[in-house]
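The values are calculated or read from the model by the stated rules, or taken from the named source; none is laboratory data. Every value quoted in this text rests on a predicted model; they were computed, and no experiment measured them. Glycine also receives a Cβ, built like all others from the backbone with ideal geometry; neighbour counts cover every protein chain displayed. We work out accessible area using only protein heavy atoms, side chains counted, and drop any ligands, DNA or RNA first. Shrake-Rupley method; radii C 1.70, N 1.55, O 1.52, S 1.80 Å.
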Amino acid sequence: MNTSHISSGPDQPEGADGAKASSAELTMPAGQESDRRFMLLAIEQARSAAEAGEVPVGAVIVKDGEVIASGFNRPIASHDPTAHAEMAALREAGRVLGNYRLVDCDLYVTLEPCAMCAGAIQHARIRRLIFGARDPKTGACGSVIDLMAQPRLNHHCVVTPELMSHETGNLLSEFFASRRRKRSAALKREE
């Protein structure tokens, strides 16, 4: 995997020499503090998706330190396979800015984008993509494929993987565990 476009995430700290960082080196820079703050907002969006019975994925788009758009998964309710959190946030940001090019914008999303969303992120010219949990089934930013590292594509954004991956991963795990419990209970009632 070509990782030249990937910055080290705070959940995987390394020292200047590439070795594991000492606790003294783990002081979080101001940029990472704001990254965590914006990821928490994406997590709030993901919780909204879960409350609506959708897979809990949330996204926010930030420009000049301000949230300009947000979204959460809605493919089930909208009967739209493209209604992913990232797509909703990208559409809203385009409306807010009056432009489909989202130059100097950063996208925070709780789950690694799929190929559809990664392509839209590239077309929108997002500056930075910060995601939480990796997606081992459909992740297109390094897990299954890495569209962001394709040299033949004409736009590349900086990717920061696995920010707050424990929190974002737990949200997904809890959602699917709850869904399995409900299915199991329903099957037992039918017996």
Meets criteria (among the hydrophobic types (A, V, I, L, M, F, W, C), open to solvent by less than 70 Å² (accessible area, probe 1.4 Å) and under 11 Å from the mean Cα position of the chain (by Cα)) for residue 105: no
Residues being touching a strand residue (DSSP E or B) at 6+ places or on another chain (Cβ under 9 Å) and either farther than 15 Å from residue 130 by Cβ or of a type in the set (Gly, Ala, Ser) (or both): count how many of those fall in the stretch 44-63. 12
Residues of the stretch 57-88 being open to solvent by less than 30 Å² (accessible area, probe 1.4 Å) and polar (S, T, N, Q), which ones? 73
Please tell me if residue 129 is open to solvent by 30 Å² or more (accessible area, probe 1.4 Å) and touching a residue at least 12 places away in the same chain (Cβ under 8 Å). no
For the stretch 168-187, check the following and say yes or no: at least one residue is acidic (Asp, Glu) and open to solvent by less than 70 Å² (accessible area, probe 1.4 Å). no
Could you tell me whether any residue of the stretch 136-158 is within 17 Å of residue 44 (Cα to Cα) and either surrounded by fewer than 15 Cβ atoms within 10 Å (Cβ to Cβ) or in contact (Cβ under 8 Å) with a residue 12 or more places away in the chain (or both)? no
For the stretch 89-102, which positions are more than 17 Å from the chain's Cα centre (by Cα) and open to solvent by less than 30 Å² (accessible area, probe 1.4 Å)? 94
